[in-house]
Amino acid sequence: MWQGDFGRLFIGGEWVAPASSDVLTVVSPVTELPIASVPSASATDVDRAVTAARDAFDRGPWPRMPLEERIEVLRRLSGLLAERETDMAELCTAEMGAPIAQSRLVQSQRSRAILDAAIDQARSYPFDTYRDAPSGFARVMREPVGVVAAIVPWNAPHLTAMMKLPYGLLAGCTFVLKPSPETPLDAYLLAELADQAGLPSGVLNVVPAGREASEYLVRHQGVDKVSFTGSVAAGRRVGAICGELIRRVTLELGGKSAAIVLDDADIETVVQSLRMSSFLNTGQVCSSKSRIVVSRRKADELTQGLVGMLDSLPVGDPMNLATHFGPLATEVHRRRVEEYVQIGRDEGAEVVTGGGRPQGLDRGWFVEPTVFTKVDPSMRIAREEIFGPVVSIIEYDDEDDAIAIANDSEYGLNGQIYTGDPFHGIELARRVRTGTVEINASPAGLDAPQGGFKASGIGRELGPEGFDAFIEIQAIGLPRDFVVQ
């Protein structure tokens, strides 16, 4: 595993000593032993980071560079990330336990693909346009919002950071990146590579921090925008603070996504698709399809197929390329998932596979992939985000009932419809109240926006809309005889 200078903070383009001796210990979810420690940023450190970002925005070259020059810096970053793909994947696996094959695909390759897509999209984004109407003639400028506090979670730390940074950086913003206390190591490698790519001093600052310093960052008077990904509970707090301060905010929160299986869908294909749709990253994905909504006529066939598929997937060492299920990220989180499994049993749902800890894995925060049947939509396991390898099979009577079940949630992040008729799938998708609906698990791609309805969040990331979160719009009224250069 790559060993960076984990004893310092990246502020103002330099690795600097922290203001206090407090540390955050990163513990392996496989061995349950410490693997590294990083400074726990204090309010003083947050002040220094925000001041550096503020100075870089107000007086530095980055926001004033032509777009093509900013693009060139991020192209160099993309190349460096490609060279260090293995290091980044191994860091993410070491700190949170994602199977290494999935870390390579998601944390390294997809993250870099997002960066490359943002670069391509920036050239056509309307940063500077003219509008001529009988009522007036205007130049409409999309200017960078300013200093951004980017707060990312532990489940997909590098990926989540890269859903924010490229869009804000290309727009001309500067950043204070606050990684999760559980998974700060990947952010250190990112900072090193950003510095090598030529990002000017203060444009990116990295400050791992606990809850108190994190809230201090959200409230900081030098911050113009907060971009937060995490739990609904934490998102409510961030949103409340930003509302009080009238501060721009983007929230990407939780989900309880439903996969609707129509009777004309091929069940074997559905089952194989759910291997990743419901169980990627050991179920620790906000868009995971944790509710499988299937007709009473097809429920047994789907259940048998799903159980057989899960029984064939290896659980174990996440550094093994063959492993599909690694450990959960923390001991506290494993306890939470196990509590939900017991809640499901107490509510009357039936465990048809899993429900315990894997045999032979006495060390590490492992749980068995678990499938519940006889689940009523009112049960807690069908309504609350478990964030682990636990799914509920919910039976429906007809398509209207299926849509009602899918929409009966405080969340609205993602969903799927499996059908032999994609045109009919589109008709039903428009009735599902979520930010994304995938027909037959077809990805929407990196040119499409991602975000949620209802409690799943506010705003969008990715696609051209990803820039919208990091800009302010200014209209300049011009005389009619103004000649556009």
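The values are calculated or read from the model by the stated rules, or taken from the named source; none is laboratory data. Keep in mind that this is a model prediction, so the values were computed, not measured. Ideal geometry is used to build each Cβ from the backbone, glycine not excepted, and the neighbour counts take in all protein chains shown.
Regarding segment 204-218, can at least one residue be identified that is under 16 Å from the mean Cα position of the chain (by Cα), closer than 18 Å to ALA49 by Cα and aliphatic (A, V, I, L, M)?
Step one: filter segment 204-218 for residues under 16 Å from the mean Cα position of the chain (by Cα), giving none.
There is no residue in segment 204-218 that is under 16 Å from the mean Cα position of the chain (by Cα), closer than 18 Å to ALA49 by Cα and aliphatic (A, V, I, L, M).
Every residue, every condition in (1) crowded, with 21+ Cβ neighbours inside 10 Å; (2) among the small types (Gly, Ala, Ser); (3) not assigned by TED's automatic domain parsing to the domain that holds ALA156, yes or no:
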residue: ALA36; (1), (2), (3): yes, yes, no
residue: VAL46; (1), (2), (3): yes, no, no
residue: ALA49; (1), (2), (3): yes, yes, no
residue: ARG64; (1), (2), (3): no, no, no
residue: ILE71; (1), (2), (3): no, no, no
residue: ARG75; (1), (2), (3): no, no, no
residue: ALA94; (1), (2), (3): yes, yes, no
residue: ALA117; (1), (2), (3): no, yes, no
Got a sec? Which of GLY243, GLY283 is within 26 Å of LYS164 (Cα to Cα), within 15 Å of the chain's Cα centre (by Cα) and not hydrophobic (A, V, I, L, M, F, W, C)? GLY283
So which of ARG335, ARG291 ends up being out of contact with any Leu (no Cβ under 8 Å at 6 or more places or on another chain) and surrounded by fewer than 17 Cβ atoms within 10 Å (Cβ to Cβ)? ARG335
I need the full set of residues from segment 241-254 which are touching a residue at least 12 places away in the same chain (Cβ under 8 Å) and either at positive phi or part of a strand (DSSP E or B) (or both), in order please. ARG248, VAL249, THR250, LEU251, GLU252
Which residue pairs have Cβ atoms under 7 Å apart, sit 6 or more places apart or on different chains, and have a first residue in segment 103-118 that is more than 15 Å from LEU189 (Cβ to Cβ) and a second that is crowded, with 20+ Cβ neighbours inside 10 Å and among the aromatic types (Phe, Trp, Tyr)? ALA118/TYR167
Top-ranked residue of segment 350-402 - restricted to ones that are in contact with a helix residue (DSSP H, G or I) (Cβ under 6 Å, 6 or more places away or on another chain) and among the charged types (D, E, K, R), ranked as surrounded by the fewest Cβ atoms within 10 Å (Cβ to Cβ): ARG380
Quick one: how many residues across segment 259-283 are closer than 18 Å to GLY420 by Cα and out of contact with any Asp or Glu (no Cβ under 6 Å at 6 or more places or on another chain)? 15
Taking segment 166-177, which residues are touching a residue at least 40 places away in the same chain (Cβ under 8 Å) and crowded, with 24+ Cβ neighbours inside 10 Å? PRO166, TYR167, GLY168, LEU169, LEU170, ALA171, CYS173, THR174, PHE175, VAL176
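In this structure, is PHE372 in contact (Cβ under 8 Å) with a residue 12 or more places away in the chain, of a type outside the set (S, T, N, Q), outside any loop (DSSP other than H, G, I, E, B) and over 11 Å from VAL293 (Cα atoms)?
Numbers: in contact (Cβ under 8 Å) with a residue 12 or more places away in the chain: yes; of a type outside the set (S, T, N, Q): yes; outside any loop (DSSP other than H, G, I, E, B): yes; over 11 Å from VAL293 (Cα atoms): yes.
Yes, satisfied.
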Qualifying residue in segment 171-193 (condition: touching a Cys at 6+ places or on another chain (Cβ under 7 Å), modelled with pLDDT of 95 or more and aliphatic (A, V, I, L, M)): no
Verdict on ARG219 being at pLDDT 95 or above and not aliphatic (A, V, I, L, M): yes
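Please enumerate the residues belonging to segment 36-70 that are within 24 Å of THR183 (Cα to Cα), assigned to a helix (DSSP H, G or I) and hydrophobic (A, V, I, L, M, F, W, C).
Our first condition is that a residue be within 24 Å of THR183 (Cα to Cα); within segment 36-70, this holds for 36-50, 52-53.
Still in the list and also assigned to a helix (DSSP H, G or I): 43-50, 52-53.
Matches in segment 36-70: ALA43, VAL46, ALA49, VAL50, ALA52, ALA53.
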Can you tell me how many residues in segment 246-280 are over 24 Å from VAL152 (Cβ atoms) and within 21 Å of the chain's Cα centre (by Cα)? 5
Could you please find all residues in segment 450-478 being over 19 Å from LYS256 (Cβ atoms), in contact with a Phe, Trp or Tyr (Cβ under 9 Å, 6 or more places away or on another chain) and of a type in the set (A, V, I, L, M, F, W, C)? LEU462, PHE467, ALA469, PHE470, ILE471, LEU478
Return the residues of segment 127-150 that are surrounded by fewer than 18 Cβ atoms within 10 Å (Cβ to Cβ) and within 17 Å of ARG64 (Cα to Cα); say none if nothing qualifies. ASP128, MET141, GLU143
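Okay, residues lined up against (1) more than 20 Å from GLN102 (Cα to Cα); (2) buried (at least 16 other Cβ atoms within 10 Å of the Cβ); (3) touching a Phe, Trp or Tyr at 6+ places or on another chain (Cβ under 8 Å); (4) assigned by TED's automatic domain parsing to the domain that holds ASP408:
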position: VAL223; (1), (2), (3), (4): yes, yes, no, no
position: ALA234; (1), (2), (3), (4): yes, yes, yes, no
position: CYS242; (1), (2), (3), (4): yes, yes, no, no
position: LEU262; (1), (2), (3), (4): yes, yes, yes, yes
position: LEU274; (1), (2), (3), (4): no, yes, no, yes
position: PHE279; (1), (2), (3), (4): no, yes, yes, yes
position: GLN304; (1), (2), (3), (4): yes, no, no, yes
position: VAL307; (1), (2), (3), (4): yes, yes, no, yes
